[in-house]
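Here's the structure we're looking at; comments come further down.
Derivation of every value follows stated rules applied to the coordinates shown; laboratory data play no part. Just so you know, these numbers come straight off a predicted model, no measurement behind them. Ideal geometry is used to build each Cβ from the backbone, glycine not excepted, and the neighbour counts take in all protein chains shown.
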Amino acid sequence: MTDLLSTPSLSSTDEHAPLQLIDPQGHRVITQENEALRAHAASLTLEDLRTFYKDMMLARRFDGEATALQRQGELALYAPLLGQEAAQIGSGHALRPTDMVFPSYREHGVAHTRGMDLATILQLFRGVDHGGWDSFEHNFHLYTLVIGSHALHATGYAMGLQRDAKAGRAAGDEAVMVYFGDGATSQGDVSEALGFAAVNNAPVVFFVQNNQWAISVPNSKQFKAPLYTRGEGFGVPGIRVDGNDVLASFAAAHWALEHARSGNGPVLIEALTYRMGAHTTSDDPTKYRTREEEQFWRERDPIIRVKALLEAEGAWSETDETALAAELEGFGEYIRGYVKSLGRPSSASIFEHVYATENALVSEDRQWFSQYEASFMDTTGGAQ
Amino acid sequence: MTAPTTTTTASNPAAKPLPFAKAINAGLRAAMARDERVMLMGEDIGPLGGVFRVTEGLQKEFGEDRVVDTPLAESGIIGTAIGLALRGYRPVCEIQFDGFIFPGFDQITTQLAKMHYRSKGRLNLPVVIRVPFAGGIGAVEHHSESPEALFAHTPGLRVVSPGSAQDAYTMIQEAIACPDPVLFFEPKGRYWEKGPVDLNVPIAADTLNKAVVARTGTDVTLVAYGPTVATALRAAEAAAAEGKSVEVIDLRAISPLDTDTVVASVKKTGRCVVTHEAVTYMGPGAEVAARVTERCFYELQAPVLRVGGFHNPYPVAKLEHDYIPSLDRILDSVDRVLAY
C-alpha cells in the first residue's frame, strides 16, 4: 500500500507533524491526511481498543513493580518503558504470531503482546541469566544490549525468510519487525541494515521509537534530518506517527508489515514518543532535562487518551476500572513473588553453553574450578 | 641424520596435487552440495570468484541466493549472517582481507561469540568467517595482517588456520559442519602452493580440535600454524642437514589449543620454539609458551622461544620479508634453544 506514502500526510503547518488517530484529549482525529493510515485501523473494534488499554496498563504496572524491586535491591537494574506503552502495544498487536520480532532491551510491552510471561524478563535484570528465553516460542528474539546490532540480525533473518519461501520452507507471508530507539540510529549497523534490507528487498520493518533521549543526549545532538526520512537515501520509505497514540502505532505497523509481507520490501516507521522515566534505574534525568519538558509530555501520556476515548465511546466504566485494578494487583503480586523466588544459579553453570560442542578450554576451566571448590571441603565431605 | 617425515597425506595414493586456494574451493563446493543451507556471503565473491578466486565458479553452480555478493560492509556481512543462521542457514562469510575485518569486530565479539551462551544453549550460530590473512604477497597496507589472537581471546569463537592444502580442504568442511562460529584464517601467501589433497577424506571434527605432527623429530619441538607451517618444515629440513632433529607441529587451531599434542612432543624433545606471523607480544605463541612451561617445567632444557612479528604495524611490502618469520630466524631460535 503505497498511497500512505504518497498522501500529503504531514499537516500544512508542520511538514514533519506525525500522523495521529487519537489526540491527547482522547478525540479521534479524522482528516484527509490520515485517511490512508485510518484504513489500517478500520478493522479494530472497541473490544480491541479495550485490550490495548488493558495491555498498556499492565505494561505500566510492570514498570512500577520492576522499578520498586530494583529500589529494594531485588533487581540489579531495570530499563523502564514508561511513556512508550502506546508505541509498543499498538505495533505489537499488528504482528502475526508467525512474524519474527527483534527487540532492543526496553520492549517489555511488545513482549507482552507476543504472549511472553513478562516475569521471565526480570531474570535478566536480577542477574540470574542474560535473558535466555526461547526466541521461537513466541517469535520474540533475545534482547540486544549493543544498540543497533540487531537491525542486521533482523535483516539477515528476513533474507532467510525470502529463501525459505522460495524453497517452500515458509509460507511467504511472514515479516520481521526490529525495534530500536533514536540513539541506535546513530550506529553504523542501522545504516548497514537499511542498505542490506533495501538491496535484498527483505521483508523487514524498522520500528524506531524516538523517545527523544538517548540517556542524556537529545535528538538535536544525534541527527539533523527527521528520523522517518533516514531510509530514503537507501531506498527504504518511512512514515512518522504519533507514538503516544496506540491506534496510529497499530495502523502504521499494520501498513508496514503488509507492505513487507507482500514483497514490497522494507519500511521504516518513526514513532515519536517520550521517555517519561529514566533510561534505567541508574540514570538521573534531573541532571539533563527540565521539569517543564517532563510536564509537557506527562499531559500527553499515551494511557490517558485511550481511556478518555473508551469512556467517551461508552466502552469503559468504573466497574471495568475496578476489575482491571484488581487484576493488576494480582499481576503485581505474581511479579514480586516470581522475582524473589529466583535463586542464585549454580557456580558450575558459568561453564555451560559457551560452545555447542565440547571445547577443551572450557573443560579445563570447569575441571580446575571444581577441584578448587572441592579443596575447601573437609575430609568428611562438609564445607569448612 | 635425516629425520623421518610424516604428514597426513604423504602415503596416500588417492591424493592429487592441488593449490591451497583450489582445495578450499573444492571444500566449499562439497559442503554446499552436501547441505542446501550452506551459503556464501562476501564482497566480489560472485562472478569474480573473490579477489583470490577462492569462490570461483560457485555462484554459477549454486545461484545468487547461495553465493551472495554483498554491499561493502563487513559488519553488515557478519550481522546478516547471524540473522540467517538464526533462520537455520549456515553462512560462510568471506572477509576480503585481514585488515578489513575490524568493522565486523563488534558483531563477531559481542553478538556472534555470545549468542549461544546468552540463549542458554538454545541458539546455535554455525557461521564461518573466512579471512585471507598474513603477508608475503607484496600488498599495500591493511592487506597482510595476522589478527587471529584478537579472536582467540574471545570465548565462544573457534579460531583455526590450515597449514596444508589437504587440511584446507578438510578443515573448511569441518568448520562449516561445526555448530559453533569459526574464524577460518587462510594463509593467503600459500594460496598458489600445491600440496597433495585427497578429496575423499571423511569429514569429522578432528581438525578443529587436534594438532598434527607434520614432521617427527627428537631434539626440538617447532610449533607453527597457517603460513609458518611450510616455513617450519623447510627449517626442519635445513636443520636436519646439520644433524639437528626438529619435530614440527601444525597446530591447526589456536582456539581451542591442542595442548596435549604440544606437551607430548616437548616432553620428548625438552625444547620448544613457536612461530607465527602475528605480533609476538601477547600473541598465540605466548599462550603456547605458558602452557608448555606449566606442564613441561621439569623436562624443559631451555626457555620456550617465540619467533613472530615485531611490535610495529605491518611494514611496507619491500621490507615485509624482514618482518615475516623466515627460515633463518627460525633456525636461529632453534640453535639458541639447543645451546642451553
I'm a student and want to see the number: the projected area of the Cα convex hull of the stretch A:159-232, averaged over all directions, in nm². 5.4 nm²
Evaluated at q = 0.18, 0.20, 0.22, 0.29 Å⁻¹: base-10 log I(q)/I(0), Debye formula over Cα of the stretch A:121-167: -0.68, -0.78, -0.87, -1.09
May I ask for log10 I(q)/I(0) of the stretch A:281-384 at q = 0.18, 0.21 Å⁻¹, from a Debye sum over the Cα atoms as equal point scatterers with solvent left out? -1.08, -1.15
Quick one: Kirkwood hydrodynamic radius for the protein assembly as shown, alpha-carbon pairs, angstrom, one decimal? 28.1 Å
Chain B: translational diffusion in µm²/s, Stokes-Einstein, Kirkwood Rh over Cα pairs, 20 °C, 1.002 mPa s: 107 µm²/s
Ranked by Cβ crowding within 10 angstrom, fewest neighbours first, how are B:Tyr323, B:Tyr314, B:Tyr281 ordered? B:Tyr281, B:Tyr323, B:Tyr314
Please give the calculated 222 nm ellipticity per residue for chain A, where each DSSP H segment of at least 4 residues contributes -39500 (n - 2.57) and the sum is spread over every residue; nearest 500 deg cm²/dmol? -13500 deg cm²/dmol
To the nearest 20 debye, what is the magnitude of the charge dipole of the stretch B:16-207 about its Cα centre, counting +1 on the Cβ of each Lys and Arg and -1 on the Cβ of each Asp and Glu? 540 debye
Whole-angstrom Cα spans of the stretch B:212-338 along principal axes, big to small: 41, 33, 23
Extension gain from A:Arg298 to A:Thr322, taking 0.36 nm per residue of separation minus the Cα-Cα distance: 6.3 nm
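What per residue convex hull volume, in Å³, do the alpha-carbon atoms of the stretch B:1-124 yield?
Hull volume normalised by residue count: 178 Å³.
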Cα principal axis extents for the stretch B:16-207, largest first, Å: 44, 38, 32
B:Ala302 paired with A:Tyr288, simple spin-label distance in nm, labels 7 Å along Cα-to-beta-carbon: 5.8 nm
Would you mind working out the magnitude of the charge dipole of the protein assembly as shown relative to its Cα centre, with +1 at each Lys and Arg C-beta and -1 at each Asp and Glu C-beta, to the nearest 20 Debye? 1420 debye
5 angstrom amide H check on B:Val67, placed H, neighbours 5+ away: B:Leu40
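Starting from the alpha-carbon convex hull of the stretch A:27-92, give the projected area averaged over all orientations, in nm².
5.6 nm²
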In nm, spacing of pseudo-spin labels at A:Phe369 and A:Val128 (7 Å Cα→C-beta vector): 1.8 nm
When the gyration tensor of chain A is built from Cα positions, what are the square roots of 5 times its three eigenvalues, in whole Å, from largest to smallest? 38, 27, 20
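Please arrange B:Lys22, A:Lys224 by counting, for each residue, the other beta carbons lying within 10 Å of its beta carbon, fewest first. If you can, show how the numbers build up before the last one.
On the way: B:Lys22 20, A:Lys224 6.
Least to most surrounded, the residues fall as A:Lys224, B:Lys22.
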Apply the Karplus curve 6.51 cos²θ - 1.76 cosθ + 1.60, θ = phi - 60°, to the phi angles in the stretch B:229-244 and return the couplings in whole Hz, x for Gly and Pro. 5, 5, 5, 5, 5, 5, 5, 5, 4, 5, 5, 4, 5, 9, x, 9
Taking every residue of A:161-168, the Cβ atoms of other protein chains inside 10 Å of its Cβ average out to 3
Hey, any idea what Rg/Rh is for the stretch A:84-195, computing Rh the Kirkwood way over Cα pairs? 0.97
Farthest toward positive dipole pole in the stretch A:3-341 [+1 Lys/Arg, -1 Asp/Glu at C-beta], among A:Ser249, A:Ser149, A:Leu49: A:Ser149
Cα-based helix-to-principal-axis angle, B:20-34 vs chain B, degrees rounded to 10: 40 degrees
Kirkwood Rh over Cα pairs of the stretch A:34-149 into Stokes-Einstein at 37 °C, 0.692 mPa s: D in µm²/s? 218 µm²/s
Stretched fully, the stretch from B:Lys60 through B:Leu319 gains (0.36 nm per residue minus C-alpha distance, one decimal, in nm) 89.3 nm
With everything on Cα atoms, drop me the angle between helix B:74-86 and the longest principal axis of chain B, reported from 0 to 90° to the nearest 10. 70 degrees
